[in-house]
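Notes to accompany the following structure.
The values are calculated or read from the model by the stated rules, or taken from the named source; none is laboratory data. Note that the structure is predicted; figures quoted are calculated from it, not measured. As a convention, Cβ positions derive from the backbone with ideal geometry for all residues, glycine included, and neighbour counts pool all protein chains shown. We work out accessible area using only protein heavy atoms, side chains counted, and drop any ligands, DNA or RNA first. Shrake-Rupley method; radii C 1.70, N 1.55, O 1.52, S 1.80 Å.
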Amino acid sequence: MEKEKTKNTRLLIIGSARHGKDSLAEIMNEEFGLTFVSSSQAAADIFLYDLLKDKYGYKNSVECFEDRVNHRQEWYEAICEYNKDDRAKLAKGILEMADCYVGMRDREEIKECIKQGLFDIIIWVDASERLPQEPASSFNIDKTCADIIIENNGTFEEFKEKVVRLGKFLRKN
């Protein structure tokens, strides 16, 4: 019963680029079986590849996804447009595939997901003591959007210990 409850836990993992969001999701997957999808890969699969393939000559959604770093603002704006009628549209699509949404970047989307009760908890991963913050042109959220902040300014082992403690807590509850 406990394991079943953990598998149904729905997490939103947010934070600046390269701060450890995917690492947190990978640890939760390895240690507790929670599944995850990167929002960028899901968006490429669901609609961005079709939207951008002719413009950039992509052969498939993986190629589109791999080039995302060169078009962060364009991706952000396209996702906002995709979600214009329902700010939680992409999140609902991701949650059909996985337990964790990794990488939401828009405050209005987070508010709508909270309103619709899509996530059990929102986690901010912060490595700001060693890495830059996301530019506002493609990211309008901050730590105040999260329920929990996990610092990732030390070693990977320290970060993993924190994530495992969080996972154990979520499993109990």
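Observations, loosely collected:
- Note on the stretch 73-91: residues that are open to solvent by 70 Å² or more (accessible area, probe 1.4 Å) and either closer than 21 Å to residue 13 by Cβ or not basic (Lys, Arg) (or both) amount to 6.
- Candidate set from the stretch 30-45 (those that are touching a residue at least 60 places away in the same chain (Cβ under 8 Å) and farther than 16 Å from residue 104 by Cβ); member that is most open to solvent (accessible area, probe 1.4 Å): 31
- Here is the figure for the stretch 22-79: residues that are over 22 Å from residue 100 (Cβ atoms) and of a type in the set (Lys, Arg) total 3.
- Any hit, the stretch 127-147, residues being loosely packed, with under 13 Cβ neighbours inside 10 Å and among the hydroxyl-bearing types (Ser, Thr, Tyr): yes
- Residues of the stretch 16-45 that are at pLDDT below 90 and part of a loop (DSSP other than H, G, I, E, B): 16, 17, 18, 19, 20.
- One residue stands out in the stretch 92-118 among those that are hydrophobic (A, V, I, L, M, F, W, C) and open to solvent by 30 Å² or more (accessible area, probe 1.4 Å): the one that is nearest to residue 147 (Cα to Cα), namely 114.
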